[in-house]
Amino acid sequence: MTYEFIPPARPIIGEDERRAVDAVLASGQVAQGPQVHAFEEEFSEQVADGVHAVAVNSGTSALHIGLLASGIGAGDEVIVPSFTFAATGNSVALSNAKPVFADVDPVTFTLDPASVEASVTEKTAGILPVHLYGLPANMTALRQIADKHGLALFEDAAQAHAAAIDGQHVGTFGTFGAFSFYPTKNMTAGEGGMITTSDAEVARKAAMIRNQGMEKRYANELVGLNNRMTDINAAIGRVQLGKLAGWTKTRQQNAAFLSANITEAVTPHVPEGYVHVYHQYTIRLEGATGAERDRFTAALKDEYQVGSGVYYPIPNHRLPSLAPYAPGLELPNTEKVASECVSLPVHPSLTQADLERVVEAVNAVAKAGA
Ligand SMILES: *Cc1c(COP(=O)(O)O)cnc(C)c1O
């Protein structure tokens, strides 16, 4: 039987995006301008409950500038998960603060509040949870810990556009939220990021820091960067934002089909009241070693032409770049999920036949390996 390969992700970029880019190019104004401004307003309105939105050139910049605008700097510790993309810890380190890695809950893959509380020291200034794979972190418990110890709460929402808890969108729970528009995220701008905040002063500082620290031209108030978004990227982002709700619904329907039919692996858990937007649909092969999991993903591809991804095989506290911040640290749940996790295709381009093949492959390969 020959199958066509099912890719683990597929950015959808069409005629509408091309026309929008062409209009910007024809206008002659390509750097930050009216498209960026409109994108900020629309993003705030549609997925950030009306808070301030500041567009930048990447999700990493959104995290970095959000931290700087919130006053994080030398001498501060910020508690982050180790089970995430390196940008989370990198942004803390680039702010001259120290990333302190806490463990995750092995069922939801997001920060374990008990491990966070155990990581608090007198230097802790903030907590930066990640809404990993599109599932909101436990913001109620993390808010309680932050308030109890007088800490700021931030959000890495790079994978979680339009995710919510009890009707409140992610990116509005903390001092700021950071979104990414990298091509494989739930919506793209080519590259890009967005800082959301209900704090007018944080928004003002973030807008300054992205542009050399100036609000008024050549009257620079802060030391800043050039991390502006272009109008070309914003024009793509605006078109994609208009399609996000439909794509999210399709992702959720695809996930529901997978969860109803995958019987040989642990499927994602969604707490009551949480909206999961399935940036990734991630199963666990309970008890698998990293090598066993890698044989599983190889068999999905070789026998069924089903693509998959492992996010993330090496916990951040063991990366050569970030390990120096965490000598001797052990995070048992992080190690466990890093070897058990497999992300399956869930993107909106999948057909019903694709979904059925993913289910058949996962159940058959998991059973054979058991
Ligand atoms: C993608 C991502 C980022 C960084 O976003 P970029 O736009 O690639 O810079 C940060 N955190 C997480 C969890 C991500 O997945």
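Every condition in (1) part of a helix (DSSP H, G or I); (2) more than 16 Å from the ligand (Cβ to nearest atom); (3) open to solvent by less than 10 Å² (accessible area, probe 1.4 Å) holds for residue 147 except the one numbered (3). Residues in region 198-220 that are away from the ligand (no atom under 16 Å from the Cβ) and touching a Phe, Trp or Tyr at 6+ places or on another chain (Cβ under 8 Å): 199, 202. Do the conditions hold for residue 241, that is, is it within 16 Å of the ligand (Cβ to nearest atom), open to solvent by 10 Å² or more (accessible area, probe 1.4 Å), of a type in the set (A, V, I, L, M) and modelled with pLDDT of 95 or more? Criteria not met by residue 241.
Residue count for region 334-351 under the criterion of being in contact with a helix residue (DSSP H, G or I) (Cβ under 8 Å, 6 or more places away or on another chain) and outside any strand (DSSP E or B): the result is 9. The sole residue among 128, 153, 132 that is outside the structural domain of residue 347 (by TED's automatic domain parsing), without any contact (Cβ under 8 Å) to a residue 40 or more places away in the chain and either closer than 13 Å to residue 66 by Cβ or within 16 Å of the ligand (Cβ to nearest atom) (or both) is 153. Of 226, 233, all but one fail to be surrounded by 14 or more Cβ atoms within 10 Å (Cβ to Cβ) and over 30 Å from residue 332 (Cβ atoms); the exception is 233.
Rundown of residues vs (1) over 30 Å from residue 300 (Cβ atoms); (2) open to solvent by 60 Å² or more (accessible area, probe 1.4 Å), yes/no style:
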| site | (1), (2) |
| --- | --- |
| 41 | yes, yes |
| 44 | yes, no |
| 58 | yes, no |
| 62 | yes, no |
| 83 | no, no |
| 103 | no, no |
| 108 | no, no |
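Looking at 260, 299, 265, which is the one that is within 19 Å of residue 363 (Cβ to Cβ) and free of Cβ contacts under 8 Å to residues at least 24 places away in the same chain? 260 is the lone residue from the list that is within 19 Å of residue 363 (Cβ to Cβ) and free of Cβ contacts under 8 Å to residues at least 24 places away in the same chain.
Taking the criterion of being open to solvent by 20 Å² or more (accessible area, probe 1.4 Å) and within 17 Å of residue 197 (Cα to Cα), the residues of region 64-81 that qualify are 64, 68, 70, 71. Selection within region 75-89: residues that are assigned to a loop (DSSP other than H, G, I, E, B) and out of contact with any Asp or Glu (no Cβ under 9 Å at 6 or more places or on another chain). The member of this set that is nearest to residue 126 (Cα to Cα) is 76.
Inside region 219-232, residues that are touching a helix residue (DSSP H, G or I) at 6+ places or on another chain (Cβ under 8 Å) and either outside the structural domain of residue 181 (by TED's automatic domain parsing) or not in a loop (DSSP other than H, G, I, E, B) (or both) make up a count of 2. Number of residues in region 42-70 that are over 17 Å from the mean Cα position of the chain (by Cα), part of a helix (DSSP H, G or I) and in contact (Cβ under 8 Å) with a residue 40 or more places away in the chain: the value is 5.
Would you check if there is a residue in region 208-218 being assigned to a helix (DSSP H, G or I), of a type in the set (Phe, Trp, Tyr) and open to solvent by 10 Å² or more (accessible area, probe 1.4 Å)? No, region 208-218 contains no residue that is assigned to a helix (DSSP H, G or I), of a type in the set (Phe, Trp, Tyr) and open to solvent by 10 Å² or more (accessible area, probe 1.4 Å). Applying the set (1) away from the ligand (no atom under 13 Å from the Cβ); (2) at pLDDT 95 or above to residue 160 leaves exactly one unmet item: (1). Of note, residue 194 does not satisfy the criterion of being closer than 16 Å to residue 44 by Cα, modelled with pLDDT of 95 or more and part of a loop (DSSP other than H, G, I, E, B). Quick check, is residue 95 within 16 Å of the ligand (Cβ to nearest atom), open to solvent by less than 50 Å² (accessible area, probe 1.4 Å) and free of Cβ contacts under 8 Å to residues at least 40 places away in the same chain? For residue 95, the condition - within 16 Å of the ligand (Cβ to nearest atom), open to solvent by less than 50 Å² (accessible area, probe 1.4 Å) and free of Cβ contacts under 8 Å to residues at least 40 places away in the same chain - is met.
Does region 177-197 contain at least one residue that is away from the ligand (no atom under 16 Å from the Cβ), surrounded by fewer than 23 Cβ atoms within 10 Å (Cβ to Cβ) and touching a residue at least 40 places away in the same chain (Cβ under 8 Å)? No, every residue in region 177-197 fails to be away from the ligand (no atom under 16 Å from the Cβ), surrounded by fewer than 23 Cβ atoms within 10 Å (Cβ to Cβ) and touching a residue at least 40 places away in the same chain (Cβ under 8 Å).
The values are calculated or read from the model by the stated rules, or taken from the named source; none is laboratory data. Values in this document were obtained by computation on a predicted structure and should not be read as measured data. Please note: Cβ atoms are built from the backbone with ideal geometry, for glycine as well, and neighbour counts cover all protein chains shown. Keep in mind that these areas ignore ligands, DNA and RNA; they rest on the heavy atoms of the full protein, side chains included. Shrake-Rupley method; radii C 1.70, N 1.55, O 1.52, S 1.80 Å.
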